[in-house]
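Chemist: My questions will all concern the structure given below.
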Amino acid sequence: MLKKKKNQRIIMNIPMNKTIAFGGDHAGFLYKKELMEYVVAKGYSVKDVGPYSEQSVDYPDFTHPLATSVISGESIFGILICGSGNGVCMTANKHQGVRAGLCWAPELAVLTRSHNNANVLCLPARFISIEVAKACVDAFLDTPFEGGRHENRVQKINC
């Protein structure tokens with residue numbers, strides 16, 4: 001069951017806000033472009049926080065704005081793509097209220113949503129194909145948080 005965020009209307013467990021924020025670094029740029037087109041075709045809108053080319057950049061410069069967009073409710077979810085997925089994941093998780101999960105298989109995306117109520121998906125562009133990345137995105141977007149026994153655990157994440 002989806003939890004209502006501040007200023008977010010939910011009707012029948014379907015969020016009214018269907019904006020997904022995208023960011024990452026130069027290594028994830030091409031996947032970011034393709035995945036943005038992919039989710040738009042699925043009926044979502046996107047917020048692109050950068051980068052805007054394959055020129056070398058520092059991933060925190062794009063991860064922090066994405067995290068802010070998710071925390072504020074401007075975006076329902078975030079998707080971050082860098083070479084390994086680790087840097088963006090570590091940076092995103094520095095933000096109170098962000099639960100970012102690094103996934104390289106759809107099964108992991110299901111678990112990070114259903115058990116951890118993740119709101120940011122991190123993908124390793126140098127280690128998975130674009131087809132696997134799309135399958136991870138589908139799994140992440142289509143999986144609800146189970147709540148129940150997992151709710152107490154998620155509440156203990158922030159200290």
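Every number here is computed from the coordinates shown, using simple stated rules; none is lab data. From a predicted model like this one, the values you see are computed outputs, not experimental measurements. Quick reminder, even Gly has a Cβ in these numbers, built from the backbone with ideal geometry, and neighbours come from all protein chains shown.
Chemist: From the phi angles alone, apply the Karplus equation (6.51, -1.76, 1.60; θ = phi - 60°) to region 123-132 and give each ³J(HN,Hα) in whole Hz, x where the residue is Gly or Pro.
Modeler: 10, x, 4, 7, 10, 9, 6, 5, 5, 5
Chemist: Which peptide among 148-157, 31-40, 84-93, 123-132 comes first, and what is the full order, when sorted by highest mean count of other Cβ atoms within 10 Å? Write down the numbers at each step before the final one.
Modeler: Details: 148-157: 11.0, 31-40: 18.3, 84-93: 21.5, 123-132: 16.5.
Listed from highest to lowest mean packing, they are 84-93, 31-40, 123-132, 148-157.
Chemist: Further question on the same structure: Rg and Dmax of region 15-155 over Cα atoms: what are they, in angstrom?
Modeler: Rg then Dmax for region 15-155, in Å: 13.5, 44.
Chemist: Any aspartates and glutamates with Cα under 17 Å of the residue 94 Cα? List them, leaving off those in the same chain fewer than 8 positions away.
Modeler: 58, 61
Chemist: Here's a follow-up. Express in nm, to one decimal, how much length is gained between residue 53 and residue 126 on full extension, taking 0.36 nm for each residue of separation and deducting their alpha carbon distance.
Modeler: On the way: separation 73, 0.36 × 73 = 26.28 nm, distance 1.64 nm.
Residue separation times 0.36 nm, minus the Cα-Cα distance, leaves 24.6 nm.
Chemist: What aspartates and glutamates does residue 18 reach when the alpha-carbon gap must be under 19 Å and sequence neighbours fewer than 8 apart in one chain are set aside?
Modeler: Cα-Cα hits under 19 Å: 34, 37, 48, 74, 138, 142.
Chemist: Tabulate in residue order the Karplus-calculated ³J(HN,Hα) for region 25-37, using 6.51 cos²θ - 1.76 cosθ + 1.60 with θ = phi - 60°, rounded to whole Hz; enter x for Gly and Pro.
Modeler: Coupling constants for region 25-37: 9, 4, 5, x, 4, 5, 5, 4, 4, 5, 5, 5, 4 Hz.
Chemist: Follow-up. Quick one: what are the phi-derived ³J(HN,Hα) couplings along region 75-87, Karplus 6.51/-1.76/1.60 with θ = phi - 60°, whole Hz, x for glycine and proline?
Modeler: These are the phi-based 3J(HN,Hα) values: 10, 6, 9, x, 10, 10, 10, 9, x, 9, x, 6, x Hz.
Chemist: Once you list every other residue whose beta carbon is under 15 Å from the beta carbon of residue 156, what net charge do they have if Lys and Arg are +1 and Asp and Glu are -1? Intermediate values should be presented prior to the final figure.
Modeler: Numbers: positive: 99, 149, 153; negative: 151.
Here the count lands on +2.
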